[in-house]
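The values are calculated or read from the model by the stated rules, or taken from the named source; none is laboratory data. All values reported here derive from a predicted model rather than from experimental measurement. In this analysis, Cβ positions are derived from the backbone assuming ideal geometry, glycine residues included, and neighbour counts consider all displayed protein chains.
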């Protein structure tokens, strides 16, 4: 194990670790905070909350986003809700139960200490958001309402219609706006990080490209926080926003930060199916729909044929001819099994020839039973905007006919490796939210991404970064004329010039789509040794072809979206290979990582705890030396390891 | 389906703009409007690569710059004026939720950026909406720091109030209301935030201060006045009602009377 891989999990009982740790780390006095600068990359839930909280504390914060406003970050698209262990419904929820469900949901591949802390601070998040004026759904008595999400048997999900992410982000964005107004935070929009700058091995600043002017700019600080989200767009078709990308994380990796579990990507079971070659992205239908929607395919092949040739409609198939396969296979959790389980079950039915649309890649999500039980009005109140969204995209009224859904890439559990302080292996470099690897193991539970982003940003990072910055109070502001900045800027400019100079025959999208197909076919929902080896080989070839044959119109010194895409695709072509490598090495199935060689007779994941109970931590060894793996063993002191069971 | 596209081209804020005319062919009715724009751009890039090989009728202007991100109607990034309507010919949607089935085969489609003094063009169809951030920075928040807040259930909020607050909070900040208003007024956008917070006990505490600061900033940035045409409400992709403007006016009056 590399000596850099010290997870720094505090000793002691699980429930005392965080309290004890907080009492032992250093703090910075208000007068000294004013002398310290922090850079935050990204303005989603993690970045916006961190920048706001750090600004409130009195640090000088610079926050960067690639969009025209911090409010556009992709956290905004989260629909269903945010978990917390409030136990308001009196259904015997607790911090321990939320912790346990998360560890189990992640298929025993996350750290106990981190996850317990996440569950512990979850309740503060709800309090904070309510205080900010987030209009959560309420009961008639005026108290907060809850609903259920996959992988749990209690109702602990707080929500604001189907727009929970939007409302939480507007809360964090408002807190950020207040700090901008007060002058504690400076906001830089339409800027994309191009490189991390290290001085004497510590993160001291960044190089960014101004997306409006094409200017390459330098910014220095005492610490850098990466909150740039996940890398699901390596797959091309995903539910991620078009501009979401893993490039900032990849630059950190290439500057020495370890990358944890790159192959752990989540495939969300309920997305609107692919309609054709011209499609640019996939739209998610919230997991909350599985509270009232029932998933099925026909029992009879002849019904499938009739559906595909549009001779009958789903609503005409009688109850006894429907196979509610999740309820059949997983009686205890039914339609609310975790995402990875639901996705694989959908794939199993479609592979067996029961897919309900022309492509054979769709299953039904049906609200008939719920509408009969509760009435259309209640369903409209709960999911109105999601139903409208579905109808606008597909031209089908989901109140009358069931929705068609299919799994798609949604989230990456893997990310930059961090210790308990959320610090990476590079001193002064922190990673929070989806950008880090820390809390979800092999599979993330629904409504836990929002929880993690805000936990990291509001309640964890502001404490732990203080411990590092306390050692920097004598250190002057970073001088961006330092040779390290000079060198990094030069490298960025050269890379851009090199891309323009290729003048090949294919636009960027050609390569990104090809990569996306490779990733989905071989590094997607089902993986095997041969396929992964092929993917690695093909990605390498594609990368070579990209650097020979890509064409980028226009010039650098202008608003140039093709260049933006090219820079991201160049990184994706490297990151995709590492994802495949990691998947190849992990010869077990766990959570969203399904190796076909490793499954039970019933087609469930088969873990190999003896050999793979570790976090794979990859280190960049330079352009010609590839990637080196280190292993952080996972120790379970408080939870009894078991085979995940959602059947009884 | 085939279309003729008349697209606003403008190299930068300083350059003069013009309409470029392009043909796109073989578009599936299930394709979204922005996917159709992707196809156009692919064609325009290929035209740059090899002008002869591609469909004639395309002038080699390079790809069209347009803002987009989530492509599911929530980020508020997309901002096109299509055939004279913000977000195009369908109701209650953003441009990314518009599909080609809403057009006739062979139709000529005119695509422009938001046109409003408060939102200048950056390039082609991309505009600068920084002014919207500035208005919110002036007071669109509850002044609480992180931590030390009461339990979430300590203050009951009537369900109707929470629901109405949520109606207003659904604003995605796209700017369609401003682009549509003949006065270039930002009243619907500003009132959505003012009203959403004023309806909740947490936001009431500084409601007076908030509304004054935000209205002052809106005026300072040169947005026009409201003359109650309700065009904003008609084109709002999130169906935000002008009753929020009425509430903001009430809040503003209340605050001013106290002064």
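Miscellaneous remarks
- Condition check for residue B:72: modelled with pLDDT under 95 and under 23 Å from residue B:101 (Cβ atoms): yes
- Which numbered condition residue B:79 fails, given (1) more than 10 Å from chain A (Cβ to nearest Cβ); (2) in contact with a strand residue (DSSP E or B) (Cβ under 7 Å, 6 or more places away or on another chain); (3) modelled with pLDDT under 95: (1)
- Consider the range B:82-110 and keep the residues that are within 14 Å of residue B:36 (Cβ to Cβ), within 14 Å of the chain's Cα centre (by Cα) and more than 10 Å from chain A (Cβ to nearest Cβ). The one that is surrounded by the fewest Cβ atoms within 10 Å (Cβ to Cβ) is B:82.
- The condition of being more than 14 Å from chain B (Cβ to nearest Cβ), modelled with pLDDT of 95 or more and over 14 Å from residue B:46 (Cβ atoms) holds for only one of A:529, A:564, that being A:529.
- Within the span defined as the range A:168-178, every residue fails to be surrounded by fewer than 22 Cβ atoms within 10 Å (Cβ to Cβ) and either within 29 Å of residue A:265 (Cβ to Cβ) or not assigned by TED's automatic domain parsing to the domain that holds residue A:465 (or both).
- Test: residue in the range B:141-159 that is within 14 Å of the chain's Cα centre (by Cα), surrounded by fewer than 23 Cβ atoms within 10 Å (Cβ to Cβ) and not in a helix (DSSP H, G or I): no
- Selection within the range A:571-623 - farther than 29 Å from residue A:193 by Cβ and part of a strand (DSSP E or B): A:590, A:595, A:599, A:605, A:614
- Annotation: of all residues in the range B:182-209 being under 18 Å from residue B:86 (Cβ atoms) and surrounded by fewer than 24 Cβ atoms within 10 Å (Cβ to Cβ), the one that is nearest to the other protein chains (Cβ to nearest Cβ) is B:184.
- Filter pass, residue B:69 being within 8 Å of chain A (Cβ to nearest Cβ) and in a loop (DSSP other than H, G, I, E, B): yes
- If the condition is being touching a residue at least 12 places away in the same chain (Cβ under 8 Å), surrounded by 17 or more Cβ atoms within 10 Å (Cβ to Cβ) and either more than 9 Å from chain A (Cβ to nearest Cβ) or within 18 Å of residue A:174 (Cβ to Cβ) (or both), then the range B:111-133 contributes B:111, B:112, B:113, B:114, B:116, B:118, B:119, B:121, B:125, B:129, B:131, B:132.
- When residues in the range A:317-338 are screened for being exposed (fewer than 12 other Cβ atoms within 10 Å of the Cβ) and either without any contact (Cβ under 8 Å) to a residue 60 or more places away in the chain or assigned to a helix (DSSP H, G or I) (or both), 4 of them pass.
- Residue within the range A:445-455 that is within 14 Å of another protein chain (Cβ to nearest Cβ), assigned to a helix (DSSP H, G or I) and surrounded by fewer than 19 Cβ atoms within 10 Å (Cβ to Cβ) present: no
- Positions within the range A:159-184 being at the interface with chain B (Cβ under 10 Å from one of its Cβ atoms), in contact with a strand residue (DSSP E or B) (Cβ under 8 Å, 6 or more places away or on another chain) and more than 19 Å from residue A:125 (Cβ to Cβ), in sequence order: A:180
- The condition (being modelled with pLDDT of 95 or more and surrounded by fewer than 19 Cβ atoms within 10 Å (Cβ to Cβ)) is satisfied by just one residue among A:305, A:277: A:305.
- Residues of the range B:151-181 that turn out to be touching a helix residue (DSSP H, G or I) at 6+ places or on another chain (Cβ under 9 Å) and facing chain A (nearest Cβ under 7 Å), as a count: 10
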